[in-house]
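The values are calculated or read from the model by the stated rules, or taken from the named source; none is laboratory data. These figures come from a predicted structure and were not determined experimentally. When we count neighbours, we look across all protein chains shown, and the Cβ atoms used for this are built from the backbone with ideal geometry, even at glycine. Side chains are part of the model used for accessible areas, which takes the heavy atoms of the whole protein and leaves out ligands, DNA and RNA. Shrake-Rupley method; radii C 1.70, N 1.55, O 1.52, S 1.80 Å.
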Amino acid sequence: VTTRGMWRDATAVAQQPLASSSLVLQMQVMRRASELGLKVILDGQGADETWLGYPRHLVLAVRESKLIHRPMIALRTAEKSGLGLRRWLLHWTYFRFGSVAAVRNTMRLRRAGINPDRESWRQVPSDSRRRGAGGVSAQIEEVHGEQLGALLRYADRNSMAHSVEDRLPFLDSRLVDLAFATPMDVKFREGWSKWVLRRQLAESVPAAIAWRRRKIGFAASRTSFDISDKSVQRQINHSEILKTLGVSHADLTRVHDALAWRMYSVALWEDVAGVQTGGGSSS
C-alpha cells in the first residue's frame, strides 16, 4: 500500500478529514494487530489530558504555583521539558495569550497568499481550549473538550474497522477522579510533567524512558508528505471546499506544514466521500 493509499484508506474509515498524519499510523497499528490475531489492545490515550502532559500545560505549572516560587518553577520546567528557556518562553506566550495564536495563523495564511479576511475564514472556529482556565477547570476542559473526544472517535473507528477492541486504562473513571484530586504541585514536581506516572513507570522500565525530557509524538515522518508533490497539489487545487476558502490561488510551497496537511486532508475527504459543496452527496 502506498503512503497516499494509506491516507485514502484512513480517511474512508474515519469518514471525515484527518486531524493529523498520526491517525494514518494508528490505522496501520490496528491493521497489524488484527493480522497478528490480537483481539484486545491497551491504548495510552488520555494520559496527557488527565495528568497534563502537553507542552501547553507548562503554563499551568507556573500559574498554579506560589508567586514566590514561579521563577524557579519556570526554570525547572524549561529544563525538564527539554525545551530550553527560549522555546519555553515561546510556549508560554503562545498558550497564555489567545491573540498570539490568532496573529500567527493570520500571518501563515497571508504568507501563502490566502486572504484571512474572507468571510469563510472568519467563520472557522478557533481553538476552544480556555487558555485562562486553571487547576481542575483545565483538566475538565481537557477531558471533556473537543480534542480528546475527536481522538477517541478516530481510535474507535480505526480499531473497529479491523475488529480490534481498543481499551483505555488511563480513562478509567477511578483514575480520572484520582488525577482530578491530585494537586498541581504533584502533577508537576521538580519541573517534571506527569510526575506521578513517571515515578510509577520508573519501577518497571529504564530511567531513560521514564524520565525522558523530549516528548515524542506519534506522527509520520516529514518526508512522507511533500506539499511540492504534483499529485498532492492537484488534489488540493481541485477541492471545491478549499476554493470557497480562497485556497485555489494559494502558493502551496509557502504553506506551513500543519496547514498543508489539513488542506490535503480536507481535499482527500471531499474526494473519498463524494462531497458536493451544493449541500448534497453522491454517496
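Quick notes on this structure:
- Burial ranking of peptide ranges 257-264, 140-147 (average Cβ count within 10 Å, highest at the top): 257-264, 140-147
- Working note: Karplus 6.51/-1.76/1.60 with θ = phi - 60° gives segment 154-167 the couplings 4, 4, 5, 5, 5, 6, 5, 5, 10, 6, 10, 8, 9, 9 Hz, where Gly and Pro are set to x.
- Summary value for segment 1-103: 16 percent relative contact order, contacts being C-alpha pairs under 8 angstrom separated by 6+ residues.
- Relative packing of peptides 81-88, 27-34 - highest average C-beta neighbours within 10 Å first: 27-34, 81-88
- Loop-located GluC sites (Glu not before Pro) in segment 159-259 (DSSP state other than H, G, I, E, B) with a sparse environment of at most 15 neighbouring Cβ atoms within 10 Å: GLU190, GLU203.
- Segment 143-197: C-alpha gyration tensor shape, a/c 1.5 cut-off, then a/b vs b/c: prolate
- Using a probe of 1.4 Å, the accessible surface attributed to PHE170 totals some 60 Å² when neighbouring protein chains are kept in position.
- Protein heavy-atom accessible surface, 1.4 Å probe, per residue over segment 1-84: 48 Å².
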